[in-house]
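Each remark here refers to the structure printed beneath this line.
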Amino acid sequence: MSLILALVILLLFLAYQFFLRRDTLLNSLARHKYHQGDYLSAQKYFRKNSLKNSGDPLAASNLAKSQYQAKDYAGAEKAFGNAITSAKDNAEDLYNLGNTLYQKKNYDDALQAYRKALLQNPEDQNLKANYELALKAKQMQENKQSQANSQKQEDKKEEPEPEKKEEQELRNRLKALDQKESTDRKNQRQRANEQSDKWW
C-alpha cells in the first residue's frame, strides 16, 4: 500500500513538473542541447523559453549565448541587448556582447561594451585581455583603412602579408580566451550543481 502511495506521489510530482513548470523543463532541455554542442536545437528551445518569459534577462542571455555559438552574431547582439536592458548585474552579458561585436568587426561598439563590463567587474582578466585585443584590432582596422586609401591613390590593391597574420593571431587569441572562459564557467556550474544536488 505504501509503495503504491509513493508511486502516486511521484507521478503527481512529475506531472506538476511537466505541466505547470514547463519553462523549467524547456530550459533544462535547452541547456542539455547546448552542452552537447547542438547550438541550433538549444537556440530553438531557448527562443521558446525567451518568448514565454519576455523580459527575463536569463532567458534572453541563454538565447544569445546559443546564437553566438551558432555564429548568428546579429541575433546574439539583439538578444544580449535585451538581456542587458533587463538585468541589474549585466557584466557577463556586456562581456559577451563585446565578443559578439568583435566577431562582427564592430570594434568601437565592442570596446564600449567591454568598458561598461570593466566598470562592473574590473578584476576579470579575460575581459581585460579581450579589451586589449579589440583595441589592437581597431588599430589594425584603422591602419588598414589608411593603407587602403593610400593604395587607391597608388592603384595598389594587395594587402601586406604581416597584417593578415596579426589579424589571424588576434582571432585565434579571442577564440582561445572564449574557450577558456567557457571551460571555466562550465567548471563553476558543475561545482555549483554538485553542491546544490546534495539535499542533506
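The values are calculated or read from the model by the stated rules, or taken from the named source; none is laboratory data. The structure displayed is predicted, hence computed values, not measured ones. All Cβ positions, glycine included, derive from the backbone under ideal geometry; neighbour counts span all protein chains shown.
Please determine whether any residue of region 186-197 is modelled with pLDDT under 85, over 25 Å from the mean Cα position of the chain (by Cα) and outside the structural domain of Gln36 (by TED's automatic domain parsing).
yes
Does Gln67 qualify as being among the polar types (S, T, N, Q), more than 22 Å from Asp184 (Cα to Cα) and assigned to a helix (DSSP H, G or I)?
no
Whether any residue in region 78-98 is touching a residue at least 24 places away in the same chain (Cβ under 8 Å), charged (D, E, K, R) and surrounded by 15 or more Cβ atoms within 10 Å (Cβ to Cβ) is what I want to check.
yes
Test of understanding: among Tyr114, Tyr131, which residue is part of a helix (DSSP H, G or I), under 14 Å from the mean Cα position of the chain (by Cα) and either among the hydroxyl-bearing types (Ser, Thr, Tyr) or not assigned by TED's automatic domain parsing to the domain that holds Lys33 (or both)?
From the options Tyr114, Tyr131, the qualifying one is Tyr114.
Among the listed residues Lys65, Lys52, Lys71, identify the single one that is surrounded by fewer than 16 Cβ atoms within 10 Å (Cβ to Cβ) and within 11 Å of the chain's Cα centre (by Cα).
Matching residue, one of Lys65, Lys52, Lys71: Lys71.
Does at least one position in region 2-12 carry a residue that is touching a Ser or Thr at 6+ places or on another chain (Cβ under 9 Å) and either touching a residue at least 24 places away in the same chain (Cβ under 8 Å) or of a type outside the set (A, V, I, L, M) (or both)?
no
Tally up the residues in region 70-97 that are more than 18 Å from Ala113 (Cβ to Cβ) and in a helix (DSSP H, G or I), please.
0
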